[in-house]
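Working notes for the structure below.
The values are calculated or read from the model by the stated rules, or taken from the named source; none is laboratory data. The shown structure was predicted, so the numbers you read here are calculated from the model rather than taken from an experiment. Glycine also receives a Cβ, built like all others from the backbone with ideal geometry; neighbour counts cover every protein chain displayed.
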Amino acid sequence: MTMSNKDTDKNLKVRKKRKFKKRYWLLLDLALAIIILALLFYKPARYRPPDNVPAGNNKDQISPYLTNVLLPQLYNGAQRNEPFDMDIIQKGINETIARYKWPRESNGVILSAPTVFFVPDSIVLMGTASIKGAELVVTIVAKPRLDEKGLLQLQVDKVKIGAMNITPIAKLLAKKMYTERIAGVPIDIEDLRTKIAASLLNEEPFEPIINIRDIFDDVDKKVRIEKITITQKKLTIRLVPVS
């Protein structure tokens, strides 16, 4: 039995259709891969890592902005025994961060060039994460909030790699990392740094009380954060004395 011309033409059309579908899906997969890579390797225009690190940069050098501006604000304000404001300028805090030893490695990821931006109601942290030679820009957006009880929540609103939003995955990983950390080593749950980490990683609110004696031995006072105001390039913290 021989195949008719009609059947032959039909089979050719089916094969051509299958080839077209395969090529279509291959092109679609390629396009998706290109889009994902473009999103991952996207570098926000406002992120400009500092080219010049202060001479002799090392973790033992203290920032002049910290010693000459921020600490005197806290020291003098705490001793007046009345509410006072601390103004933190974006440029100054970035100069302080730049004096720490960078890059740093964590779990095979090399972190470098962190930069902080103060924008209305939010703190934006950007940095470069190098993974096996691939450099990606990570962006974290946090919104400090005080609830009706006066507890402070450092809420992470968004986490992005390049232009790709990975917030849900990042929050799950952060909680896992926090749980493993507190289970693995003894920590002081009353330490302010521990409370900040718990708030950022595990969404735990805490009493925002600063013991001034932990910073200055000769000032036996405590202050509470009553209000946080974030405007363009400036963060203002309202502090009130705690009896």
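Before moving on, here are some points about what is shown:
Matching residues to (1) free of Cβ contacts under 8 Å to residues at least 24 places away in the same chain; (2) of a type in the set (S, T, Y); (3) surrounded by fewer than 18 Cβ atoms within 10 Å (Cβ to Cβ); (4) part of a helix (DSSP H, G or I):
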residue	(1), (2), (3), (4)
Y65	no, yes, no, yes
N76	yes, no, yes, yes
I123	no, no, no, no
A129	no, no, yes, no
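- Residue match in region 55-70 (condition: modelled with pLDDT under 95, of a type outside the set (F, W, Y) and in contact with a Ser or Thr (Cβ under 6 Å, 6 or more places away or on another chain)): yes
- Only residues that are in a strand (DSSP E or B) and polar (S, T, N, Q) were counted across region 154-169, and they come to 2.
- Failed item in (1) acidic (D, E); (2) farther than 21 Å from L39 by Cα; (3) surrounded by 13 or more Cβ atoms within 10 Å (Cβ to Cβ), with E135 passing the rest: (2)
- Where L172 falls short, out of the listed (1) touching a strand residue (DSSP E or B) at 6+ places or on another chain (Cβ under 9 Å); (2) in a helix (DSSP H, G or I): (1)
One line per residue, one yes/no per condition, for (1) crowded, with 16+ Cβ neighbours inside 10 Å; (2) touching a residue at least 60 places away in the same chain (Cβ under 8 Å):
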{"position": "D157", "(1), (2)": "no, no"}
{"position": "R181", "(1), (2)": "no, no"}
{"position": "I196", "(1), (2)": "no, no"}
{"position": "L201", "(1), (2)": "yes, no"}
{"position": "T231", "(1), (2)": "no, yes"}
{"position": "V240", "(1), (2)": "no, yes"}
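- Condition check for I161: over 21 Å from F206 (Cα atoms) and surrounded by 15 or more Cβ atoms within 10 Å (Cβ to Cβ): yes
- A single member of I187, I210, I196, I182 is part of a strand (DSSP E or B) and under 29 Å from R224 (Cβ atoms), and it is I210.
- R80 closer than 24 Å to K227 by Cβ and surrounded by fewer than 18 Cβ atoms within 10 Å (Cβ to Cβ): yes
- Only one of the listed residues (K175, K227) is on the phi < 0 side of the Ramachandran plot, at pLDDT 95 or above, loosely packed, with under 15 Cβ neighbours inside 10 Å and within 23 Å of the chain's Cα centre (by Cα). That residue is K227.
- In this entry, E148 passes the filter for residues that are out of contact with any His (no Cβ under 9 Å at 6 or more places or on another chain) and closer than 30 Å to R80 by Cα.
- Test: residue in region 216-223 that is within 25 Å of the chain's Cα centre (by Cα) and either free of Cβ contacts under 8 Å to residues at least 40 places away in the same chain or not in a loop (DSSP other than H, G, I, E, B) (or both): no
- Condition met for K143 (buried (at least 19 other Cβ atoms within 10 Å of the Cβ) and either in contact with a strand residue (DSSP E or B) (Cβ under 6 Å, 6 or more places away or on another chain) or of a type in the set (A, V, I, L, M) (or both)): no
- Restricting attention to region 131-151 and to residues that are assigned to a strand (DSSP E or B) and of a type outside the set (V, I, T), the residue that is nearest to the chain's Cα centre (by Cα) turns out to be A142.
- Test for E105: is it at negative phi, free of Cβ contacts under 8 Å to residues at least 24 places away in the same chain and in a strand (DSSP E or B): yes
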